[in-house]
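What follows is a set of notes on a single structure, which appears directly below.
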Amino acid sequence: MRGPLRVVAAVAVGAGAAVAAAAAATALGRRDDRLFPTMFGRAHVFTTTSPDGRAIRVLSLGGGWQTVMYLDDPDEPAAAYARGFDLVLDGGAGEGSNGRAAAKGDGGARSVLVIGGAGCAWPRHAVAVDDAVQVTVVEVDPAVVAIARREFHLDDAVARAGSTPSGEPRLRVVTDDGLRFLARRAMKGGRPFDAVINDAYAGTDAPEAFLSPVGLSLAKGALAPGGLYVANVVCSPTDPSPVLAARDALLGTFSHVWDVPCPDPLAEEENHLLVASDADREVPDAYPL
């Protein structure tokens with residue numbers, strides 16, 4: 001997952017928690033401070049301790065934490081915004097660890113496209129908690145996909161997810177540019193997605209093309225009628241202009257936009273999930289924009 005966290009220091013909350021975290025890290029093979037070349041510069045993968053005392057593996061790239069994974073439960077999203085993506089799933093089985101239910105409408109998503117993969121934290125979570133959902137991840141950088149496979153147990157998640165009744169993998173990772181993927185899909189056709197999640201970041205910057213009229217038109221064209229488009233937007237607590245700019249862009253393509261704030265003790269900046277649709281839905285914990 002590629003939404004960056006500009007992080008605050010992670011501090012253990014007691015000796016017992018720190019020891020447990022260290023034991024979990026050891027069990028999964030703790031390998032600290034590894035550097036990997038990528039399209040966006042050197043990626044730094046390391047293991048540290050979260051504020052709640054649990055061992056976490058981190059992928060840092062371009063000045064932001066792109067993926068955070070609990071070592072004692074890789075399928076549990078560690079970042080608040082990643083837990084927030086559960087809004088596209090149905091209630092019950094799809095209800096995430098943050099307690100959010102799905103956006104109410106025609107039911108939860110059965111097919112989800114995620115643009116921007118990084119360590120694939122939320123996609124692996126989604127297929128683990130909802131055995132009816134199928135997730136396609138498009139990640140532009142093959143080096144990042146290799147990091148996800150080596151350091152974030154992606155191959156294990158794909159294997160455990162299995163296949164749909166038609167034989168397609170429930171968790172599929174495509175190495176491609178997100179806009180190029182959408183453009184080819186528009187030309188060739190294909191089954192629409194119930195939700196499209198835009199979590200594409202180059203370092204700590206979101207590519208503007210994905211919120212351009214062309215990018216949004218391509219994303220909307222890939223959606224089923226009334227489907228959800230979710231954009232992860234990062235801003236300073238004192239400067240909401242990125243959220244307002246994204247809102248204006250989305251309202252140029254969709255009829256309704258909601259803001260789901262995702263405060264996180266791991267981050268100094270704020271993640272907002274902007275949810276857009278042509279259907280008027282009830283989105284839990286959201287503010288209409």
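One table, with the values for the structure above:
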| read-out | value |
| --- | --- |
| Förster radius 41 Å - calculated FRET efficiency between residue 187 and residue 44, Cβ distance, rounded to 0.05 | 0.60 |
| FRET efficiency for residue 73 and residue 214, using Cβ-Cβ distance with R0 set to 51 Å, rounded to 0.05 | 0.80 |
| Hz values of 3J(HN,Hα) by residue in region 212-220 - Karplus curve (6.51, -1.76, 1.60), Gly and Pro given as x | 7, x, 5, x, 5, 5, 5, 5, 5 |
| Amide H within-cut-off set for residue 114, under 5 Å, with H built and near neighbours excluded | 136, 137, 138, 197 |
| Alpha-carbon gyration tensor eigenvalues x 5, square-rooted, for region 39-92, Å | 23, 16, 8 |
| FRET efficiency, 1/(1 + (r/R0)^6) with R0 25 Å, evaluated for residue 236 and residue 35 via beta carbons | 0.30 |
| From the C-alpha gyration tensor of region 159-220, square roots of 5λ in Å | 24, 16, 10 |
| Region 144-289 - Debye-derived log10 I(q)/I(0), Cα point model, q = 0.09, 0.15 Å⁻¹ | -0.33, -0.91 |
| Computed P(r) (all Cα pairs; region 247-289; 5 Å bins; percent) | 5, 24, 27, 20, 12, 8, 4 |
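We did not get these values from a lab; they are worked out from the coordinates using the rules stated. Quick caveat: nothing in here was measured; it's all calculated off a predicted structure. All Cβ positions, glycine included, derive from the backbone under ideal geometry; neighbour counts span all protein chains shown.
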